[in-house]
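Input: a single structure, listed below in structure tokens.
We did not get these values from a lab; they are worked out from the coordinates using the rules stated. Please read these numbers as outputs of a predicted model, since none were measured by experiment. Because the Cβ atoms are built from the backbone with ideal geometry, glycine has one as well, and the counts that use them run over all protein chains shown.
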Amino acid sequence: MKPRARRPAARKAPAGAAARRYKAQPGAAIALRLPIPPRRRLAPDLQKYFGACEQAFGFLPNVLKVYSFDEKKLRAFIDMYNDLMLGDSRLSKLEREMIAVVVSSANRCYYCLTAHGHALREMSGDPSLGETLAMNWRVARVTRRQRAMLAFAHRLTVEPWADAATGRAALRRAGLSDRDIWDIIAVTAFFNMTNRVAAATDMMPNEQYLAAAR
């Protein structure tokens, strides 16, 4: 995950209050007994990348620790994430996070819903938007274009066998181009994959995600 620049800090609770209110479920970052190496054994560029993530976030996301058991898989994950979530697209970065949250909610993925719920709160500056999309995206106050986008992503997640032509037509009516539709499909498919990896490995989110940007 490419670290984002820091944004103005949200209003903070009294010292220690967040730590008392928000605690991750017990468990390691990953339940599988994979040979995750010490960071000093990773290639220098990956060590530098991990350091940049810690500087930007204040911690290293557990998903990166998990993938570091195999540098090839770690690089593939980082490259795909950065391309889909941070690369050029007419979908805003916020809209891509909205898709991530709706997909992760449909799949009940604890890790991804927690991590991207945090990102959505931080980017939007509106904790209620993140909570609404996580619980019931249909009642969220979003644009017509975004509603069509989320409806398509949700249906592709819960009914991947269904005919997508109707959904694509609705996206076009909402003003989305074929390239936009491709990006929606790609982000939706990516998070369906990462949701399943996180769920099947018992990946646990960092506690820092829970209290931030509320």
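When you count, for each residue, the other Cβ atoms within 10 Å and take the mean per peptide, how do 118-125, 34-41 rank with the highest first? All intermediate terms of the calculation are to be shown ahead of the outcome.
Working: 118-125: 20.0, 34-41: 10.8.
Going from most to least packed, we get 118-125, 34-41.
Can you tell me the FRET efficiency between residue 47 and residue 135 if r is taken as the Cβ-Cβ distance and R0 is 35 Å, rounded to the nearest 0.05? Walk me through the numbers before you get to the answer.
Values: r = 39 Å, r/R0 = 1.11.
Efficiency at R0 = 35 Å is approximately 0.35.
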Inset, instruction - Quick one: which residues, 5 or more positions from residue 206 or on another chain, have an amide H under 5 Å from its amide H? H modelled 1.01 Å from N in the peptide plane, none for Pro or chain starts. - result: 62
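Treating the beta-carbon of each Lys and Arg as +1 and of each Asp and Glu as -1, no other charges, what is the dipole magnitude of segment 93-200 about its Cα centre, to the nearest 20 debye? Can you show the working numbers first?
Numbers: 15 positive and 10 negative charges, 54 e Å.
In debye, rounded to 20, segment 93-200 gives about 260.
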